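Undergrad: Got a structure for you, written out below as structure tokens; questions coming shortly.
The values are calculated or read from the model by the stated rules, or taken from the named source; none is laboratory data. Note that this is a predicted model, so its numbers are computed, not measured. So basically every Cβ, Gly included, is an ideal-geometry build from the backbone, and we count neighbours across all protein chains shown. Remember, those area values only see protein heavy atoms, side chains included, never the ligands or the DNA or RNA. Shrake-Rupley method; radii C 1.70, N 1.55, O 1.52, S 1.80 Å.
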Amino acid sequence: GRPSKMTRSAQTEKEFMRTVIGLARRCGWLVYHTHDSRRSESGFPDLVMVREHSVLFVELISEDGKVSIQQQCWLNALVGAGEDARTWRPSEWPEIEKTVSGYRQVRSPPRTLQNRSRLHRMANLER
């Protein structure tokens, strides 16, 4: 369920992440998180969430945490490329719930989805 206000402010980033991921999955999002980022590009957002024609890149920050230069660089680059990239803190839980449960980003379906039936027909011809 929804964490209490006192619990939210005391949550570690790991607990906060588990809570956000749980909500997102219950709301039908596919969620990706790199569990061991030591060998990954520094600053890449914590979560990539995909549902229907929507993609969210989310950096989770503890209540008193700061966004690093590398994190801000990734967020700026993603926004500059037309993506929805944002930071979330535990105190923003009501807005997070609203966003995750009702998010609708208007985009046209990618070309690969528009051509899915043609691709299926081609795959069946190759068998």
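Undergrad: Taking L56, is it of a type in the set (A, V, I, L, M, F, W, C) and either modelled with pLDDT under 90 or out of contact with any helix residue (DSSP H, G or I) (no Cβ under 6 Å at 6 or more places or on another chain) (or both)? Walk me through how you get there before you give the answer.
TA: Working: of a type in the set (A, V, I, L, M, F, W, C): yes; either modelled with pLDDT under 90 or out of contact with any helix residue (DSSP H, G or I) (no Cβ under 6 Å at 6 or more places or on another chain) (or both): yes.
Criteria met by L56.
Undergrad: Continuing with the same structure: For the stretch 46-59, give me each residue that is open to solvent by less than 10 Å² (accessible area, probe 1.4 Å) and among the charged types (D, E, K, R).
TA: E59
Undergrad: Further question: Which condition number in (1) surrounded by 15 or more Cβ atoms within 10 Å (Cβ to Cβ); (2) in contact with a Leu (Cβ under 7 Å, 6 or more places away or on another chain); (3) without any contact (Cβ under 8 Å) to a residue 40 or more places away in the chain is the one that G43 fails?
TA: Going through (1) surrounded by 15 or more Cβ atoms within 10 Å (Cβ to Cβ); (2) in contact with a Leu (Cβ under 7 Å, 6 or more places away or on another chain); (3) without any contact (Cβ under 8 Å) to a residue 40 or more places away in the chain one by one, G43 breaks only (2).
Undergrad: What about S37, is it among the small types (G, A, S), surrounded by 13 or more Cβ atoms within 10 Å (Cβ to Cβ) and closer than 18 Å to I21 by Cβ?
TA: No: the conditions fail for S37.
Undergrad: Here's something else I'd like to know. For the stretch 26-78, give me each residue that is β-branched (V, I, T), within 24 Å of G102 (Cα to Cα) and more than 13 Å from the chain's Cα centre (by Cα).
TA: Looking only at the stretch 26-78, we keep the residues that are β-branched (V, I, T), and these are 31, 34, 48, 50, 55, 58, 61, 67, 69.
Keeping just the survivors that are within 24 Å of G102 (Cα to Cα) gives 31, 48, 50, 55, 58, 61.
If the condition is that a residue be β-branched (V, I, T), within 24 Å of G102 (Cα to Cα) and more than 13 Å from the chain's Cα centre (by Cα), then I61 is the only one that fits.
Each row is one residue, and each column tells you yes or no for (1) over 17 Å from V48 (Cβ atoms); (2) modelled with pLDDT under 95; (3) touching a Leu at 6+ places or on another chain (Cβ under 9 Å).
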position	(1), (2), (3)
G65	yes, yes, no
I69	yes, no, no
Q72	yes, no, no
L78	no, no, no
E83	no, no, yes
R86	no, no, yes
E92	yes, no, no
I96	no, no, yes
R104	yes, yes, no
